[in-house]
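So the structure is just underneath, and the comments pick up after that.
Each reported figure results from applying straightforward, stated rules to the coordinates on display, with no laboratory input. All figures in this text were calculated on a predicted structure; none of them were measured in a lab. For neighbour counting, all protein chains shown are included, and Cβ atoms are generated from backbone atoms with ideal geometry for every residue, glycine included.
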Amino acid sequence: MSTIKSFSVGDGDMFYINHNSDSFTIIDCCFDPTDDAILNEVCALSRRKGIQRFISTHPDDDHILGLELLDKKIGLVNFYCVRNAARKPDETESFKKYCSLRDSDKAFHIFAGCTRKWLNQGGDGRDAAGIEILWPNLDNENFKEALAAAAQGESPNNISPVIKYSVNKGATFLWMGDLKTEFMEAIEDVLNLPRVDILFAPHHGRDSGEIPESLLTGMSPKIIVIGEAPSEHLNYYQGYNTITQNSAGDIVFNCEDGKVHIFASYDYEVDYLDDEPQTLASFNYVGTLTL
């Protein structure tokens, strides 16, 4: 079974994928340095796997907070990010660690269609992790402009990659970092996105990251997960099935053949999922998505 967890970390993002293979993937991080719970959980799970990787969507602190602690605890040796020269007028310890990893021999710079052993290629007796990078196109002028802006100390939101994870005989998940609406509108004609089962709304579900309808129609997500921005800034994606993390807390997706069992740390209910006899310690069962 493959498990995806979306942590409730306030105005930030942090996910992991505990693959049904010898891989463990962390996508972004944002945790309180005084709270060891998240760090201990991630470290305990990652140590059981032969391959651990960290994928950074972009270097804003709400996506890299605590990176220096994570690296100290785990020892990150596979650091995935878009090749960039982003800088900040005020550099936090987390941003300094990001730059150190980004510019080191531990970094693998991702782009649309890139291949990597054990990320999306099997070998040496170990299966691929099922992760594909769908964006950026390094030749795209809009992306080049986003890179240049980040290098001048402006927002790095639009250097975010699009990440797809597919479970063998199971669900497809998609992350879009903090891509902004205007940027997605500029690239929608060249952004070929597949149908997905569970989509994590970009920019924490904010109106400023609303996904253009043409892209949503193409992806036809069965569930959109809306992040933890303040409620007055959220886009609730009317007409789509949603889970709002502000109300759900931590969310766990346990993936089996043809099904995703969904749990939340808060008492959370929806009316569009199947009801099965599923339990998870310290979590409330929300329902099962049958594919």
Q | aspartates and glutamates with Cα under 15 Å of LYS73, excluding same-chain neighbours fewer than 8 positions away | A | ASP32, ASP35, ASP36, GLU41
**Q.** Anchor LYS72: lysines whose Cα lies under 19 Å away (excluding residues fewer than 8 positions away in-chain)
**A.** LYS49, LYS96, LYS97, LYS106
Q. Considering the chain as a Gaussian network with a 10 Å cut-off on Cα pairs, which listed residue, ASN140, ASN246, ASN78, attains the greatest mean-square fluctuation?
A. ASN140
Q. Regarding the chain, what is the average projected area of its C-alpha convex hull, in nm²?
A. 14.5 nm²
Q: Between ASP32, ASP127, ASP103, find the one with the highest GNM mean-square fluctuation for the chain; connect C-alpha pairs within less than 10 Å.
A: ASP32
Q: Per DSSP H run of at least 4 residues, take -39500 (n - 2.57); add these up for the chain, divide by its residues and hand me the 222 nm value, nearest 500 deg cm²/dmol.
A: -5500 deg cm²/dmol
Q.
Take GLU185 and CYS114, extend 7 Å from each Cα along the Cα→Cβ direction, and tell me the distance between the two endpoints in nm.
A. 3.0 nm
Q. What's the extension gain from ASP36 to VAL77 if we count 0.36 nm per residue and subtract their Cα-Cα distance?
A. 12.6 nm
(Q) Could you work out how much longer the chain between ASP275 and MET1 gets when fully extended? Use 0.36 nm per residue separation minus the Cα distance between them, nm to one decimal. (A) 96.7 nm
**Q.** Most mobile listed residue (TYR165, TYR272, TYR16) in the chain, GNM with C-alpha springs under 10 Å
**A.** TYR272
(Q) Quick check: Cα centre of segment 44-59 to Cα centre of segment 79-110, how many Å? (A) 16 Å
Q. Any idea how far apart LYS144 and LYS49 come out in nm if each label point goes 7 Å out from Cα toward Cβ?
A. 3.6 nm
Q.
Is there a quick way to get the dipole size of the chain? I mean about its Cα centre, with the Cβ of Lys and Arg at +1 and of Asp and Glu at -1; what is the value in debye to the nearest 20?
A. 1320 debye
**Q.** GLN152-ASP207 pseudo-label distance in nm [points 7 Å out on the Cα-to-Cβ vector]
**A.** 2.7 nm
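Rounded to the nearest 0.05, what FRET efficiency do LYS106 and ASN168 give with R0 = 35 Å and r taken as the Cβ-Cβ distance? Could you check?
Step by step, r from the Cβ atoms, then E = 0.80.
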